[in-house]
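Chemist: After the structure tokens below, expect a handful of questions from me.
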There are 2 protein chains.
Amino acid sequence: MADLKARSAALMDTPEEAEAQFYESMRDADLERMMAIWSDDEDIVCVHPGGGRLVGPRAVRAAFEAIFSTGSIAVEPEHVRRVQTMGTCVSSVLERVDMVTSEGTRRGWIVATNVYVKSAQGWRLVAHHASPGLIDEPADADEAPAVLH
Amino acid sequence: MADLKARSAALMDTPEEAEAQFYESMRDADLERMMAIWSDDEDIVCVHPGGGRLVGPRAVRAAFEAIFSTGSIAVEPEHVRRVQTMGTCVSSVLERVDMVTSEGTRRGWIVATNVYVKSAQGWRLVAHHASPGLIDEPADADEAPAVLH
């Protein structure tokens, strides 16, 4: 079953499909499906919130394996903004994460930049950079009024 | 002079030139030169260390204006890893920042992901995501020994 998922992941036709599968893999704590989304390039990079930089598939896999060993992650991508060219998609996402604590479920936000590149194997992830966002649901800073001076 | 710089910035032939100018602009606190590197796309995104997401040229400019109003930044990009396709370059950088404090100069590290896209106006920045790194100079996690099991 894991192999079947991994194979289907390798044929993603759009960056939107790749991104959906990225977050599904986190919700399912499915390591094989997660790694099938990533490019095989030795220079792929992954930064988890509050963490250092991971470079290359081996390091990226080891970190997700450690994360998934503690369980799945209740994460939903929201407020997506994309810059897309013919072969690349830069997706900026506010990740809504629900964490179960001793005081009940708490909601947090993470800011993530995901970069997908089109390859012969479909759209693949080459960079995921995530950092802690705001406690409350954030408004994009582009909605601030213009100041003319 | 600022106009001259801005015009020359608009003709960058390589992502390496664009990145060099990005960090020079920070060291010079040169807002016009900085903004000349960015794409005009309304979906450009910028995340400063510990900050929320800024979307669009107006919000990005306002934040750099606020930063530069307090002075320049002694920053050097190091440990650069790049994934490059025909029209896009994803550059992962460890930014070495020297900060002058009451206890002398302190060195810090910031992890940054910079994405450049080739356009008719040369290579332009579409995303800059930076988050606090480690206190000591970091080793890349790709140098960990392989565990076969």
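Each reported figure results from applying straightforward, stated rules to the coordinates on display, with no laboratory input. Please read these numbers as outputs of a predicted model, since none were measured by experiment. Note that each Cβ is placed from the backbone with ideal geometry, even for glycine, and that neighbours are counted across all protein chains shown.
Chemist: Report the label-to-label distance for residue A:65 and residue A:99 in nanometres (one decimal), using points 7 Å from each Cα along the Cα→Cβ vector.
Modeler: Result: 2.5 nm between the two label points.
Chemist: For label points placed 7 Å from Cα toward Cβ, what is the shortest-first list of nm distances from residue A:119 to its copies?
Modeler: Between copies, matching label points for residue A:119 lie 2.8 nm apart.
Chemist: Once amide H atoms are placed 1.01 Å from N in the peptide plane, what residues at a sequence separation of 5 or more from residue A:44, or on another chain, have their amide H within under 5 Å of its amide H?
Modeler: A:56
Chemist: Divide, for region B:2-135, the radius of gyration over alpha carbons by 2.2 N^0.38 Å, where N is the residue count.
Modeler: In units of the globular-protein estimate, region B:2-135 measures up at 1.01.
Chemist: Considering only the other residues whose Cβ falls under 10 Å of the Cβ of residue A:31, what net charge follows from Lys and Arg at +1 and Asp and Glu at -1?
Modeler: -2
Chemist: Let me ask another. On a C-alpha basis, how far is the centre of region B:69-120 from the centre of region A:75-124 in Å? Whole number, if you could?
Modeler: 22 Å
Chemist: Same structure, new question: For residue B:83, what charge total do you get from the other residues with a beta carbon under 13 Å from its beta carbon, if Lys and Arg give +1 and Asp and Glu give -1? Working shown, then result.
Modeler: Working: positive: A:118, A:124, B:81, B:82; negative: A:40, A:41, A:42, A:43.
Its environment carries a net charge of 0.
Chemist: Which ³J(HN,Hα) values in Hz, rounded to whole numbers, follow from the phi angles of region B:11-19 under the Karplus curve 6.51 cos²θ - 1.76 cosθ + 1.60, where θ = phi - 60° and Gly and Pro get x?
Modeler: Values, residue by residue: 10, 6, 7, 9, x, 4, 5, 4, 5 Hz.
Chemist: Which value, in debye to the nearest 20, describes the size of the charge dipole of region A:2-137 about its Cα centre when Lys and Arg Cβ atoms bear +1, Asp and Glu Cβ atoms bear -1, and nothing else is charged?
Modeler: 200 debye
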